[in-house]
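The values are calculated or read from the model by the stated rules, or taken from the named source; none is laboratory data. Quantities reported herein were computed from a predicted structural model and do not represent experimental measurements. Cβ atoms come from the backbone with ideal geometry, glycine included; neighbour counts cover every protein chain shown.
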Amino acid sequence: MNYPISPKFLMRLISDVEKAIWAEYESYKNVHQYVSKWHRVESGWNNYWENFPIASKENGEIDLTTTLHSIDGETILKIAIDLGVDTPDYIPSIATFRNEIKTDYKTASATFEKALRQIETHPDIAISLANSALESIIKEIFKDGRISTKLKQSKTLYDLTSELLKEFQLFPESSMPIEIRTIGSSFLSVSQSIEKLRSEKTNVHGKTSGDYIIEDPLYTYFIINSVATIGLFLKSYYNAKFPKADMKNDETDVANDLPF
């Protein structure tokens, strides 16, 4: 799925990417080889698919300008990041978040993918699903045996975020420096807002004809980007505070203590 990116922004970004490719690889041959690394092709019986066409000039050399303009925005962003091209007006948190949770947070990943598919057609449902995906990630983190807090399954996103921030010592009422407590307070506020939007501005609960329901995908993209950003931070902080290597060591120690 490709996410809407401003055409004006893409035009400027593609120009910067093109300059960066030529500066890095210089020759037509090397440029073609680099672009080919991003090219994907699937073929089978009576079936052919490619993620973008590689255009050529009359002399057979790659037409880089035409090729870049045929590539979807998300891939252009990835190429820009790979080349070190600045993307100051766009943070690709959604793409990064999707990749980060595929393996260790499969339930959350499936829910988040459903949310993405609903953005344009049912923006309110997408918000509800994104809320659930974030809840799922936090609940998965709390399954770690090294975390002492035991959760009730009925806890909502705000409560889950609150408990996790306490575990991470980022809770606003902690003894940490004011800057750290501000981060915790901001996370709580965002989680509370997402939860309230889900409860009060979507069809997840019964609504009357006069109630406001989010119907503009623009707001939903913003909210889902916020969910992705929060999810990435929590996952990264959890991995840093509770490394997997320590978990493996704990499991090994337990196994060594077994009397058989």
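Residue under question is Ser148, and the condition is that it be among the small types (Gly, Ala, Ser) and surrounded by fewer than 17 Cβ atoms within 10 Å (Cβ to Cβ); does it hold? So Ser148 fits the description; yes. At pLDDT 90 or above and either out of contact with any Ser or Thr (no Cβ under 8 Å at 6 or more places or on another chain) or buried (at least 16 other Cβ atoms within 10 Å of the Cβ) (or both): does that describe Glu140? Yes; evaluated as a whole, the condition is true for this residue. Looking only at residues of the stretch 198-254 that are of a type in the set (A, V, I, L, M, F, W, C), within 16 Å of Ile127 (Cα to Cα) and out of contact with any helix residue (DSSP H, G or I) (no Cβ under 8 Å at 6 or more places or on another chain), we find that the one that is modelled with the lowest pLDDT is Leu218. For the stretch 59-171, the helices (runs of 4 or more DSSP H) that sit wholly inside it and include 3 or more residues that are in the same structural domain as Ile194 (by TED's automatic domain parsing) are 93-101, 106-118, 123-142, 157-167.
Does the stretch 47-65 include one or more residues that are of a type in the set (Phe, Trp, Tyr) and within 22 Å of Ala130 (Cβ to Cβ)? The answer is no, given that none of the residues of the stretch 47-65 is of a type in the set (Phe, Trp, Tyr) and within 22 Å of Ala130 (Cβ to Cβ).
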